[in-house]
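What follows is one structure encoded as structure tokens, with my remarks underneath.
Since every read-out is calculated from the coordinates, none of them should be taken as a lab result. Since we're looking at a predicted model, the values are computed, not measured. All Cβ positions, even for glycine, are placed from backbone atoms using ideal geometry, and neighbour counts span all protein chains on display.
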Amino acid sequence: MSEAKIEILQAGYCVHPEHVVLRTWKFSPMRFPSMFAVIEHPREGVVLFDTGYSQRFLEQTQRFPECLYRWVTPPTIDPEESALSQLSKRGIGPGDVRLVVISHFHADHVSALADFPRARYLHFPEAWESVRHRRGFGAVRKGFLPGLIPEDFERRSDPVVAERTVDLPPEMRPFPRGVDLFGDERFWAIPLPGHATGQLGLWVREGCPGRSDTDLFLVADACWSCRSFQERRRPHRITGLLFDSTREYRRIFDEIVALHERGSAVRILPSHCEESLSELIKTD
């Protein structure tokens, strides 16, 4: 798309057994990058989709029970890979980021929110309501670390309310409704509940890096790997202990599979798919 640029970057990664993620018989650890997107929009300025990990994750998981989060999904976090550092290398300062679109509030997606003091935070309101009062074990079970949330978060929060939801173009089915975030019919917020309450996916019309004729669908954690929807591999049922709704997760997963199998001109990008990230880097 000529009037906006989008780049996919990685801020740290974690590891987890392949058997749990793809239900294969391989128990070796898979690497899961924590991706975020940088959008340079002609009217809105610099917009981020999530932020990936930052050093704050390590600081907030020093003590029990928060350390359980780090134990279950051991991360590797290079300070040079943080969103703040990578944006700086591109000439973008902390105050230049005007919006952060939050897919959901799991720590590997929001660790760097506090690095951008002038940004407004866009999210579905139910996502924030589902975690805002959680502490201790209750927070960890939901993948939430309250210490990562800036003190002035609610003042800068800009919830994407249901009243803005409209019917989507037919080519975006089976996803029927979404929110036109910037009023240009290019960046659509799509509800993807299940993995987390109020999870938000971002559909970018004609905005796939390296392919201006292809849409990009950032599906966050609606699935964790492109192999999941390509091979119809749902994660092991034990992961249901972490999901807000297994039934909703399966529904959304099946819709992503249907979208893929329809052969639409859209690149489906899970936030933690190393294979997809490698291909996009090559494309750039």
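Show me 220-230, 189-199 ranked by packing, highest mean number of other Cβ atoms within 10 Å first. Please report the intermediate quantities before stating the final value.
On the way: 220-230: 22.5, 189-199: 24.5.
With the highest mean Cβ count within 10 Å placed first, the list reads 189-199, 220-230.
Is the shape of the range 1-106 rounded, prolate or oblate, going by the alpha carbon gyration tensor and its root eigenvalues a ≥ b ≥ c, with a/c under 1.5 for rounded and a/b larger than b/c for prolate? Walk me through the intermediate numbers first.
Numbers: a/c = 2.54, a/b = 1.69, b/c = 1.51.
Taking the square roots of the gyration eigenvalues as a ≥ b ≥ c, the range 1-106 is prolate.
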Starting from the 7 Å offset along Cα-to-Cβ, what nm value, one decimal, do you get for the label separation of residue 89 and residue 62?
2.8
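Taking Rh as the Kirkwood radius computed over C-alpha pairs, what is the Stokes-Einstein D of the range 56-107 at 25 °C in a medium of viscosity 0.890 mPa s, expressed in µm² per second? Could you put the intermediate results ahead of the total?
Values: Rh = 13.1 Å.
Estimated via Stokes-Einstein, D reaches 187 µm²/s.
Please sort by residue number the GluC sites (Glu not before Pro) in the range 84-187 whose DSSP state is loop and whose Cβ has at most 14 other Cβ atoms within 10 Å. Don't skip to the answer; put the middle values down first.
Details: sites: 126, 129, 151, 154, 163, 171, 185; in loops: 151, 185.
The qualifying sites are 151, 185.
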Given the rule -39500 (n - 2.57) for each run of at least 4 DSSP H residues, summed and divided by the residues of the chain, what is its mean residue ellipticity at 222 nm, to the nearest 500 deg cm²/dmol?
-6500 deg cm²/dmol
The range 169-284: C-alpha gyration tensor shape, a/c 1.5 cut-off, then a/b vs b/c:
oblate
Mind putting together the pair-distance distribution for the range 53-185? All Cα pairs, 10 Å bins, whole percent per bin, short to long.
11, 36, 32, 19, 2
Cα-centre dipole for the chain with unit charges at Cβ (Lys and Arg positive, Asp and Glu negative), debye to 20
880
Quick one: grab the alpha carbon gyration tensor of the range 104-153, order the square roots of its eigenvalues as a ≥ b ≥ c, and give me rounded if a/c is under 1.5, else prolate or oblate depending on whether a/b is larger than b/c.
prolate
Find out how many positive minus negative residues lie around residue 235, taking Lys and Arg as positive, Asp and Glu as negative, among other residues whose Cβ is under 13 Å from that of residue 235.
+4
Given a Förster distance of 30 Å, the FRET efficiency implied by the Cβ-Cβ spacing of residue 158 and residue 251, rounded to the nearest 0.05, works out to 0.65
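How much space per residue, in cubic angstrom, does the convex hull of the C-alpha atoms of the chain take up?
123
So what's the projected area for the range 1-59, the Cα convex hull averaged over all directions, in nm²? Don't skip to the end; give the middle numbers.
Details: hull surface 23.4 nm².
If I average the Cα hull's projected area over directions, I get 5.8 nm².
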Compute the separation of the alpha-carbon centres of the range 219-264 and the range 153-181 and state it in Å as a whole number.
20
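Subtract the Cα-Cα distance of residue 27 and residue 231 from 0.36 nm times their separation in residues, and report this length gain in nm to one decimal. Before the final figure, lay out the partial values.
Numbers: separation 204, 0.36 × 204 = 73.44 nm, distance 1.82 nm.
Once the chain is fully extended between residue 27 and residue 231, it gains 71.6 nm.
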If you wrap the range 40-79's Cα atoms in a convex hull and average its projection over all directions, what's the area in nm²?
3.8
In whole Å, largest first, what are the principal axis extents of the Cα atoms in the range 110-193?
43, 29, 20
Starting with the highest mean, order 112-118, 76-82 by the number of other Cβ atoms within 10 Å, averaged over the residues of each peptide.
112-118, 76-82
